[in-house]
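Q: Quick one: the structure is below, questions incoming.
The values are calculated or read from the model by the stated rules, or taken from the named source; none is laboratory data. Since the model is a prediction, treat every value here as computed from it, not as a measurement. Cβ atoms come from the backbone with ideal geometry, glycine included; neighbour counts cover every protein chain shown. Accessible surface is based on the protein model in full, side chains and every heavy atom, while ligands, DNA and RNA are left aside. Shrake-Rupley method; radii C 1.70, N 1.55, O 1.52, S 1.80 Å.
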Amino acid sequence: MALSIEAARRAVLAEVHPLPIEEVAVQDALGRVLAEDVAAAADVPAFDNSAMDGFAVRAGAAGRTLRLVGESRAGAPAAVAVGEGEAIRISTGAAIPDGADGVLQLERVAADGDQITLEDDVDAGRNLRPAGDDLRAGDVVLPAGTRFAAAEIGLAVACGRAHVTCARVPRVAVLATGDELVAPGSPLGPGQIHETNGLTLAALATSAGADVVGATVVPDIEADTREAIADALERADVVVLSGGVSVGPHDHVKPALDALGVREVFWRVALRPGRPTWFGTRGETLVFGLPGNPVSAMVTFLLFARPALAAMQGAAHEAPRVVARLAEPIPRHPDRDECVRVTLHDGVATPTGPQGSHQLRSMLRADGLAIVTAGEGDAEVGSEVEVELLD
């Protein structure tokens with residue numbers, strides 16, 4: 001019996017084992033997942049500083065004429081304090097000198113030699129960024145499970161870190177099976193197609209934080225299939241196959257997996273596109289046998305393999321979902337939920353075009369997969385559907 005999407009996803013996640021952790025230089029952490037909390041080692045900024053180029057002064061009324069007694073620059077604080085009737089020239093980001101409690105920007109000051117006249121009132125705290133305005137010492141800024149993007153790298157450095165502890169990157173091997181598959185750009189013979197699944201699945205794996213250790217095309221030859229899978233099992237934490245998982249005379253994947261000791265967890269999901277999806281394990285290695293149609297391969301990877309890769313790294317694996325209204329009627333399948341590729345705008349889900357499992361163009365510009373549940377008749381215009389977001 002085919003599993004539901006959610007039951008299949010639970011079955012996959014139940015087989016996931018966390019990857020080992022390792023220390024990573026923060027400059028190399030892009031895309032990695034934290035295995036520890038990162039807290040600020042000190043207040044950031046560590047000192048009161050100026051938000052403007054201008055003059056550090058004591059709070060008071062406009063019209064005052066003050067004498068310049070020094071300068072505070074970024075990295076070079078003033079050596080003297082601000083006294084009554086005095087001011088210090090200051091640069092953006094420079095430390096506020098003792099005695100000053102506000103900064104008046106250059107545009108509001110008239111300068112004459114070593115004297116300035118203030119053209120505006122200065123309240124205490126004006127244009128002043130206090131110590132700890134961004135981060136407070138001891139605050140957990142990046143919790144375990146955070147995936148590093150540019151801002152996270154900057155924050156880790158601001159927290160005082162040169163290294164962080166992360167989950168090891170999962171190694172993924174991708175195998176695309178089929179005699180009809182031809183390398184990109186090569187001339188096509190009768191019955192041949194350009195191989196897309198290996199490249200798209202490898203790209204999806206890379207986007208999910210994996211290291212793709214191979215993307216190989218395997219002909220429909222029993223010995224070659226077994227050899228390629230055996231090699232992938234030795235090199236990868238996750239093996240992703242496309243095609244060859246059915247029961248035809250040229251489908252050699254399932255017999256090869258069985259011969260190599262890969263335990264079947266499930267076979268078939270009540271899903272369109274993607275019903276002939278296979279999943280199994282050998283030890284802690286996960287094996288996904290995905291359909292050969294290109295949309296089916298991408299959809300099933302997103303539904304099942306991507307959450308597994310996230311969970312292996314300690315990242316959140318729950319795919320974000322929103323509720324949207326259908327822009328047009330969608331015929332329901334009587335016994336399978338359908339993942340309709342849609343764009344989202346103002347809460348309305350619009351199919352991207354023809355939805356055949358061979359029509360890879362339907363993935364272009366798709367914001368998510370609208371889950372149209374099984375049943376009779378149509379899901380009507382304006383009816384609500386859950387949409388699993390792709391990003």
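Q: Scan the range 334-361 residue by residue and report those that are open to solvent by less than 30 Å² (accessible area, probe 1.4 Å) and modelled with pLDDT of 95 or more.
A: Selection gives Glu338, Cys339, Val340, Arg341, Val342, Ala349, Pro351.
Q: Give the residues of the range 320-339 that are closer than 14 Å to Gly368 by Cβ, in a strand (DSSP E or B) and touching a Ser or Thr at 6+ places or on another chain (Cβ under 6 Å), sorted by residue number.
A: Leu326
Q: (1) touching an Asp or Glu at 6+ places or on another chain (Cβ under 8 Å); (2) of a type outside the set (A, V, I, L, M, F, W, C); (3) open to solvent by 30 Å² or more (accessible area, probe 1.4 Å): which one isn't true of Arg147, the others all being true?
A: (1)
Q: Moving on to the next point. Out of all the residues in the range 9-54, which are over 30 Å from Phe304 (Cβ atoms), assigned to a strand (DSSP E or B) and charged (D, E, K, R)?
A: Residues of the range 9-54 that are over 30 Å from Phe304 (Cβ atoms), as a first pass: 23, 25-27, 38-54.
From the residues that got through so far, the ones that are assigned to a strand (DSSP E or B) too are 23, 25, 38-39, 44, 49-50, 54.
Matches in the range 9-54: Glu23 only.
Listed here are the residues, each with its yes/no results for (1) of a type in the set (Gly, Ala, Ser); (2) at positive phi; (3) surrounded by 16 or more Cβ atoms within 10 Å (Cβ to Cβ).
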site: Arg9; (1), (2), (3): no, no, yes
site: Val24; (1), (2), (3): no, no, yes
site: Gln27; (1), (2), (3): no, no, no
site: Ala35; (1), (2), (3): yes, no, yes
site: Ala39; (1), (2), (3): yes, no, yes
site: Pro45; (1), (2), (3): no, no, yes
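Q: Right, something else. What about Thr300, is it under 26 Å from the mean Cα position of the chain (by Cα) and farther than 21 Å from Asn197 by Cβ? I'd like the intermediate steps shown before the answer.
A: Numbers: under 26 Å from the mean Cα position of the chain (by Cα): yes; farther than 21 Å from Asn197 by Cβ: no.
Judged against the criteria, Thr300 is not a match.
Q: For the range 100-107, state whether one or more residues are at positive phi and outside any strand (DSSP E or B).
A: The answer is no, given that none of the residues of the range 100-107 is at positive phi and outside any strand (DSSP E or B).
Q: Oh, and also: Could you say whether any residue in the range 134-148 is in a loop (DSSP other than H, G, I, E, B), among the hydroxyl-bearing types (Ser, Thr, Tyr) and touching a residue at least 60 places away in the same chain (Cβ under 8 Å)? Give the steps one after another, and end with the answer.
A: Residues of the range 134-148 in a loop (DSSP other than H, G, I, E, B): 134, 136-139, 143-146, 148.
Subsequent filtering for residues that are among the hydroxyl-bearing types (Ser, Thr, Tyr) retains 146.
Subset that is touching a residue at least 60 places away in the same chain (Cβ under 8 Å): 146.
Looking through the range 134-148, at least one residue is in a loop (DSSP other than H, G, I, E, B), among the hydroxyl-bearing types (Ser, Thr, Tyr) and touching a residue at least 60 places away in the same chain (Cβ under 8 Å).
Q: State whether one or more residues within the range 300-319 are out of contact with any Pro (no Cβ under 9 Å at 6 or more places or on another chain), part of a strand (DSSP E or B), hydrophobic (A, V, I, L, M, F, W, C) and surrounded by fewer than 18 Cβ atoms within 10 Å (Cβ to Cβ).
A: No - not one qualifying residue is present in the range 300-319.
Q: Ile330 versus (1) open to solvent by 40 Å² or more (accessible area, probe 1.4 Å); (2) more than 23 Å from Ala210 (Cα to Cα); (3) in contact (Cβ under 8 Å) with a residue 12 or more places away in the chain: which is the lone unmet condition?
A: (1)
Q: Could you tell me how many of the residues in the range 55-96 are more than 26 Å from Pro45 (Cα to Cα), open to solvent by 60 Å² or more (accessible area, probe 1.4 Å) and not in a strand (DSSP E or B)?
A: The qualifying residues number 1.
Q: Also, I was wondering about something else. What's the total number of residues in the range 133-144 that are under 17 Å from the mean Cα position of the chain (by Cα) and open to solvent by 50 Å² or more (accessible area, probe 1.4 Å)? Lay out the reasoning, then the answer.
A: Within the range 133-144, the subset under 17 Å from the mean Cα position of the chain (by Cα) is 142-144.
Still in the list and also open to solvent by 50 Å² or more (accessible area, probe 1.4 Å): 143-144.
Number satisfying all stated conditions: 2.
Q: Follow-up. Just give me the residues in the range 268-299 being crowded, with 22+ Cβ neighbours inside 10 Å and out of contact with any helix residue (DSSP H, G or I) (no Cβ under 9 Å at 6 or more places or on another chain), in sequence order.
A: Result: Ser296, single match.
Q: Do you know which residues across the range 270-287 are closer than 22 Å to Ala370 by Cβ and outside any strand (DSSP E or B)? Quick ask: steps written out before the conclusion?
A: Narrowing the range 270-287 to residues closer than 22 Å to Ala370 by Cβ: 270-277.
If the condition is that a residue be closer than 22 Å to Ala370 by Cβ and outside any strand (DSSP E or B), then Ala270, Pro273, Gly274, Arg275, Pro276, Thr277 are the ones that fit.
Q: Does Arg306 fit the bill of being of a type in the set (Lys, Arg) and closer than 26 Å to Arg10 by Cβ? Spell out the reasoning first.
A: Numbers: of a type in the set (Lys, Arg): yes; closer than 26 Å to Arg10 by Cβ: yes.
Taking the combined requirement at face value, the residue satisfies it.
Per-residue answers, yes or no, for (1) out of contact with any helix residue (DSSP H, G or I) (no Cβ under 9 Å at 6 or more places or on another chain); (2) over 22 Å from Gly93 (Cβ atoms):
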position	(1), (2)
Ala7	yes, yes
Ala35	yes, yes
Val38	no, yes
Gly60	yes, yes
Glu71	yes, no
Gly75	yes, no
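Q: On to the next question. Could you tell me which of the residues Arg306, Arg263 is among the basic types (Lys, Arg) and more than 17 Å from Thr200 (Cα to Cα)?
A: Values: Arg306 fails: more than 17 Å from Thr200 (Cα to Cα).
Testing whether each residue is among the basic types (Lys, Arg) and more than 17 Å from Thr200 (Cα to Cα) leaves just Arg263.
Q: Taking the conditions exactly as written (open to solvent by 30 Å² or more (accessible area, probe 1.4 Å), charged (D, E, K, R) and without any contact (Cβ under 8 Å) to a residue 12 or more places away in the chain), does Glu264 satisfy them or not?
A: Numbers: open to solvent by 30 Å² or more (accessible area, probe 1.4 Å): yes; charged (D, E, K, R): yes; without any contact (Cβ under 8 Å) to a residue 12 or more places away in the chain: no.
So Glu264 does not fit the description; no.
Q: Go through the residues of the range 109-126 one by one and say whether even a single one is surrounded by fewer than 20 Cβ atoms within 10 Å (Cβ to Cβ), part of a helix (DSSP H, G or I) and without any contact (Cβ under 8 Å) to a residue 60 or more places away in the chain.
A: No - not one qualifying residue is present in the range 109-126.
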